[in-house]
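Bear in mind these aren't lab numbers, they're just calculated from the coordinates by the rules spelled out. No experiment lies behind these values; they were computed from the predicted model shown. Cβ: placed from backbone, ideal geometry, glycine included. Neighbour counts: every protein chain shown.
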Amino acid sequence: RCGYVAIVGRPNVGKSTLLNHILGQKLAITSRKPQTTRHNMLGIKTESAIQAVYVDTPGLHKNGETALNRYMNRTASSALKDVDVVIFVVDRTRWTDEDQLVLERVQYVQGPVILAVNKTDRVEDKGELMPHLEWLAQQLPNAEIVPISAQHGHNLDTLERLVAERL
Ligand code: GDP
Ligand code: MG
């Protein structure tokens, strides 16, 4: 099996870190600064009979005041077309207007969506995974939810298995 997997989410949620960890190499540029990934980046992972082409996107920015923001929004949106699986990455510690923007696009996606709740390693608010999670799950009733830590590699095996099942 083989297919395209788009990794979407607002800037700084950990999309590029996730792709790097899945691939086991530094391909996508990661940074504390938003806008580090300006183009869609492809990473191909082949394992036995499964080949997944991951597309790391620049992240959607709040409606483009600048030409660069508009360019990045178009680039990220184009990745949502003609993909087999979408990984929607959110940061468990924070929900913003930009997450909302991404959510509204992801709700239009026809195919399977996996909601990856990232940065579960962050120690603050250990009790709660994410304040909005229950609400968010209702917004995406067909999405599979996986808590992950892209940085530490926690639960990425589960994430990759869910992707493979949907290719
Ligand atoms: P992107 O803009 O969505 O591609 O985000 P990046 O992958 O560039 O990551 C943004 C910041 O979040 C970087 O400083 C990463 O080191 C950090 N980050 C990413 N994943 C995790 C995680 O699982 N845990 C923690 N604590 N930080 C993370
Ligand atoms: Mg990035």
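Here are a few things to note about the model shown:
- Across the range 152-167, computed HN-Hα scalar couplings (Karplus, 6.51 cos²θ - 1.76 cosθ + 1.60, θ = phi - 60°) run 9, x, 5, 6, 6, 5, 5, 4, 5, 5, 4, 5, 4, 5, 9, 6 Hz from first to last residue, x flagging Gly and Pro.
- Estimated from the Cβ-Cβ distance and a Förster radius of 22 angstrom, the FRET efficiency linking Asp97 and His154 is about 0.20.
- Inter-site label distance for Gln110 and Thr66 at 7 Å from Cα along Cβ, in nm: 3.6 nm
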